[in-house]
Structures are given as structure tokens and as C-alpha cells.
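The values are calculated or read from the model by the stated rules, or taken from the named source; none is laboratory data. Because the structure is a prediction, the values reported are computed rather than measured. Because the Cβ atoms are built from the backbone with ideal geometry, glycine has one as well, and the counts that use them run over all protein chains shown.
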Amino acid sequence: MVGQNVLGGPLQVCGTDPMTGFYRDGACRSGRSDAGLHTVCALMTREFLEHQRGRGNDLSTPAPAMSFPGLIPGDPWCVTVVAWQSAYRDGVAPPIVLAATNALTLHFIPLTVLTQFAADVPDDVAGLGGPT
């Protein structure tokens, strides 16, 4: 994968079933055409999906014309920084996969916050800036 994750390693695939990513290549990559910055690899929860629906971003309903199957709890999905931040502020932030979350996310969300929601914890946490 091209890019770096929030841990400083190579960006890993977030999900391929369903296929995620702004470029629908499975990775939370971003570029000039990605105004929303789809860089956070989140694991869908019922609370997050309901929260997003309430904000006008229905991620649960299939949209066959766009080859979108609709998401269910447990699905990994590249969400926007704004979507994750709003869920965080509202107390319904979903878990994230650090190895598949793009380093660009760190411009908006500190690593100390992201690690609190990590679904993947690296074997060596010494470089994460927290207690070991």
C-alpha cells in the first residue's frame, strides 16, 4: 500500500468486503479530489451508524447504483475525519484500526486520542508516547 499509517509504518488495507476507501481500493488513502479526507479506518458500530444517519450520512442503506452494499456493525470502513470527530464529541466514536488509518489523520486528531479507540494494539507501544 502507498502511504503511511498513524504509527509511522506502511498504510495497511482497511477492508475489501465491502470494498472501502475513497478510491475503492481497500485503503484509507486520500488525494486532492477527496475533500472529506476519508482517512480513518473505523469498525462500524450500531451507535456510529445511527449517529451518521442522524447527520444525513446514511451508511446502512444499500445504494446499488453506486455499488454500495450498505454497512453493518463490524464492517471496516474509511470514514472522514469530520465524521469520526463528530462521533467522538457525541460519545459514539467507533473503534479504529491504527495500522490502516492514514497518517494525514494526525493533522486533525492526536495520536493519544486515536489510541484510546484502537482495535489493533501494536506489540511495541514504546513509540506511541504513552505509558508502556
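Things to note:
- Residues of the stretch 29-48 satisfying the condition of being surrounded by 13 or more Cβ atoms within 10 Å (Cβ to Cβ) and farther than 21 Å from residue 98 by Cβ: 46
- Of all residues in the stretch 105-132, those satisfying the criterion of being modelled with pLDDT of 80 or more and more than 12 Å from residue 41 (Cβ to Cβ) are 106, 107, 108, 109, 110, 111, 112, 113, 115, 116.
- Scanning the stretch 13-51 for residues that are more than 16 Å from residue 106 (Cβ to Cβ), of a type in the set (S, T, N, Q) and assigned to a loop (DSSP other than H, G, I, E, B) returns 20, 33, 45.
- Residue that is farthest from residue 21 (Cα to Cα) [pool: residues in the stretch 52-84 that are out of contact with any helix residue (DSSP H, G or I) (no Cβ under 9 Å at 6 or more places or on another chain) and in a helix (DSSP H, G or I)]: 54
- The condition of being in contact with an Asp or Glu (Cβ under 9 Å, 6 or more places away or on another chain) and either exposed (fewer than 14 other Cβ atoms within 10 Å of the Cβ) or over 22 Å from residue 35 (Cα atoms) (or both) holds for only one of 113, 97, 92, that being 92.
- Just one of (1) loosely packed, with under 15 Cβ neighbours inside 10 Å; (2) among the aliphatic types (A, V, I, L, M); (3) touching a residue at least 40 places away in the same chain (Cβ under 8 Å) fails for residue 71. It is (1).
- Lone unmet requirement of (1) free of Cβ contacts under 8 Å to residues at least 24 places away in the same chain; (2) in contact with a helix residue (DSSP H, G or I) (Cβ under 8 Å, 6 or more places away or on another chain); (3) closer than 23 Å to residue 118 by Cα for residue 17: (2)
- Residue within the stretch 9-27 that is at pLDDT below 95, surrounded by 14 or more Cβ atoms within 10 Å (Cβ to Cβ), of a type in the set (A, V, I, L, M) and out of contact with any Pro (no Cβ under 8 Å at 6 or more places or on another chain) present: yes
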